[in-house]
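Written out below as structure tokens is the structure these notes cover.
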Amino acid sequence: MLHPAGRIGFGWADDLWKQSKFGWMSFVAFDPSGRQIASDGATDPTDVDGTLSLWSFPAGKLIRKLPGRPIAIAPDWRYYATTEGIRQMRDGTIVAPTTGTVHAAFVPHRESAVVASWGDGPDPLMPRLVDLTTGRTVRGFGSHRAFALAVSPDGSLLAAGYWDSIALWDLRTGHLLATLRGMGRYVRSLAFSPDGRVLAAGSDLATLQLWDVHRRTLRRQIELEGAQISTPAFSPDGRRVAAGTYGNGTAWLVDTRSGKVLGRAHVSGMGCGSVAFSPDGRHLITPSTGGLVTWPYDRGGTVRVFRVSPPPPTKG
């Protein structure tokens, strides 16, 4: 179900990779048109900053670089989150300083984002809604540290991950709506399906759960291999979910209805920190280090591209 389609970007000879001074690539994203890819990591053998890079797809030509190492990108690609704050994709200008940001999730169709930061306020990593037009905090959600964040496609729900639980918050009022329990580990990654009906949750020890958002019930639990699961990504039709695992550097493709693993691919010598579907669902991209493991970690990286087999037609 995952068919290697090559690599894009960077184009260095292997002996030049070792000259890069930054760590391995850990972030990828598609733009809404499917014609650009965003990534972190070094862009040439002398690059030491690992900031946001934009590449053409499928040609893999570097378009431009923007300041800050990316954590998340807004669905419409107007903003991106870095450890220093929320920045405009237009020119990298910070519109909302959020010192020490670790997690971020953008609210679709609104000028706002939910962030969890170390450097702001008395409660480190407590989720808070930030207005991107003013840079001010609108409201907080609870009083506990969150280890993962996701906002529903309609912008009504915030999912926040904790130890053995996921809190569902009303994004407009800040009221707690439900608590989903049963992971048995830290919830380290979250993502809503395109229709908002399914919530994917990844643990710090390779457990992937699929929750029915409206019924608040666990639909599937899939035990993968490796360590922490990166932020899951749903295919545009919602029938597949992909995720990466740290430790063994593997990308996984799972059927959301049956929970069956449809495919897996080793992409890194350290960890697969990000995955993304193209808007048409035909391609899946991941970071890749090519398996060069040196200290500290791999040097440089590439974007690995996979063709995804179409799902069989739905019966009935």
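The values are calculated or read from the model by the stated rules, or taken from the named source; none is laboratory data. Bear in mind that the values here come from a model prediction, so they are computed numbers and not experimental data. Please note that ligands, DNA and RNA were not included when accessible areas were found on the heavy atoms of the full protein model with its side chains. Shrake-Rupley method; radii C 1.70, N 1.55, O 1.52, S 1.80 Å.
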At a probe radius of 1.4 Å, what is the per-residue accessible area of residue 277, in Å² to the nearest 10? 20
Keeping all protein chains in place and using 1.4 angstrom, which order do 162, 186, 80 fall into by accessible surface area, from largest down? 186, 162, 80
For n ≥ 4 DSSP H runs only, could you compute -39500 (n - 2.57) per run for the chain, divide by its residues and tell me the 222 nm figure to the nearest 500? 0 deg cm²/dmol
When the accessible area of the chain is computed with all protein chains present and a 1.4 Å probe, what percentage of it is carbon and sulfur? 51
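How many Å² of accessible area per residue for the chain, probe 1.4 Å? Could the numbers behind the result be given before it?
On the way: 13530 Å² over 316 residues.
Computed with neighbouring chains in place, this is 43 Å² per residue.
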Need one value: the accessible area of residue 308 in square angstrom, 1.4 angstrom probe, rounded to the nearest 10. 20
Euclidean distance of C-alpha centroids, the stretch 227-254 and the stretch 54-99, integer Å: 22
